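Undergrad: I'd like to ask you about the structure that follows.
Values quoted throughout were computed directly from the atomic coordinates according to the rules given, and no laboratory measurement underlies them. Note that the coordinates shown come from a computational prediction; the quantities given were computed from them, not determined experimentally. Methodologically, a virtual Cβ is constructed for each residue, glycine included, from the backbone with ideal geometry; neighbour enumeration extends over all protein chains shown.
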Amino acid sequence: MMPRKLGEEKSMNKEEILEKSREAKSDEGSQYAQNKGRRIGVAAMMILFIILILYNLFMGIDNNAIFALFWTYLGFESYGKYRFTKGKAELVGAIAGMIAGAGFLAGYLISTLV
């Protein structure tokens, strides 16, 4: 085995690190963009929920379907967080959101079938 020149070992480690980074198939910039896009999408969805709820209240229309979507989303978002954090607040939020979502869905279905 030939001795390495000073600095050659560093570049070899650098190349190994770059190769491992490429193999990881995970780009921090891409993840940041996805998270930022998700936050903007959730904010827009919440604004639309508020607009629809206010419109329905003004028109005398039932909001059960909108509330079913809203609470189910929040419940499953909390469940996703709970799976990684194992936090009690996330578990309570998940259960409460899913129960509320199911309740509003049942209310919507009952009101449309009658």
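Undergrad: Between rounded, prolate and oblate, where does segment 29-113 land on the alpha carbon gyration tensor, with a ≥ b ≥ c its root eigenvalues, rounded for a/c under 1.5, else prolate if a/b exceeds b/c? Please list the in-between numbers first.
TA: Numbers: a/c = 3.20, a/b = 1.41, b/c = 2.27.
Taking the square roots of the gyration eigenvalues as a ≥ b ≥ c, segment 29-113 is oblate.
Undergrad: Any idea which of 55, 65, 40 is furthest toward the positive side of the dipole for segment 25-81, if Lys and Arg beta-carbons carry +1 and Asp and Glu beta-carbons -1?
TA: 40
Undergrad: Treat every Asp and Glu Cβ in the chain as -1 and every Lys and Arg Cβ as +1, leave all other atoms uncharged, and give the resulting dipole magnitude about the Cα centre to the nearest 20 debye. Mind dumping the intermediate values first?
TA: Working: 14 positive and 11 negative charges, 57 e Å.
It works out to roughly 280 debye.
Undergrad: Near residue 84, within a Cβ-to-Cβ distance under 13 Å, what is the net charge of the other residues, with Lys and Arg +1 and Asp and Glu -1?
TA: Result for the neighbourhood of residue 84: +1.
Undergrad: Across segment 68-76, in residue order, what do the Karplus-derived ³J(HN,Hα) couplings come to in whole Hz, using 6.51 cos²θ - 1.76 cosθ + 1.60 with θ = phi - 60° and x for Gly and Pro?
TA: 4, 4, 4, 6, 5, 4, 4, x, 6
Undergrad: What FRET efficiency, computed as 1/(1 + (r/R0)^6) with R0 = 41 Å and r the Cβ-Cβ distance, is obtained for residue 110 and residue 27, rounded to the nearest 0.05?
TA: Approximately 0.30, to the nearest 0.05.
Undergrad: Could you work out [θ]222 nm for the chain from helices alone, using -39500 (n - 2.57) per DSSP H run of at least four and dividing by all its residues? Round to the nearest 500 deg cm²/dmol.
TA: Value at 222 nm, helices only: -29500 deg cm²/dmol.
Undergrad: Sticking with this structure for a sec: Do you know the relative contact order of segment 35-94, to the nearest whole percent, from alpha carbon pairs under 8 angstrom that are 6+ apart?
TA: 22
Undergrad: When only C-alpha pairs under 8 Å and at least 6 residues apart count, what is the relative contact order of the chain, in percent?
TA: Relative contact order here is 21 percent.
Undergrad: Here is a follow-up. Taking 0.36 nm per residue of separation and subtracting the Cα-Cα distance, what length does fully extending residue 77 through residue 99 add?
TA: Length gained, residue 77 through residue 99: 6.6 nm.
Undergrad: Based on DSSP loop calls and a cut-off of at most 15 other Cβ atoms within 10 Å, the longest stretch of the chain free of exposed trypsin sites (Lys or Arg not before Pro) is what? Write out the running numbers ahead of the final one.
TA: Details: sites that count: 4, 5, 25, 86.
With a cap of 15 other Cβ atoms within 10 Å, the longest stretch comes to 26-85.
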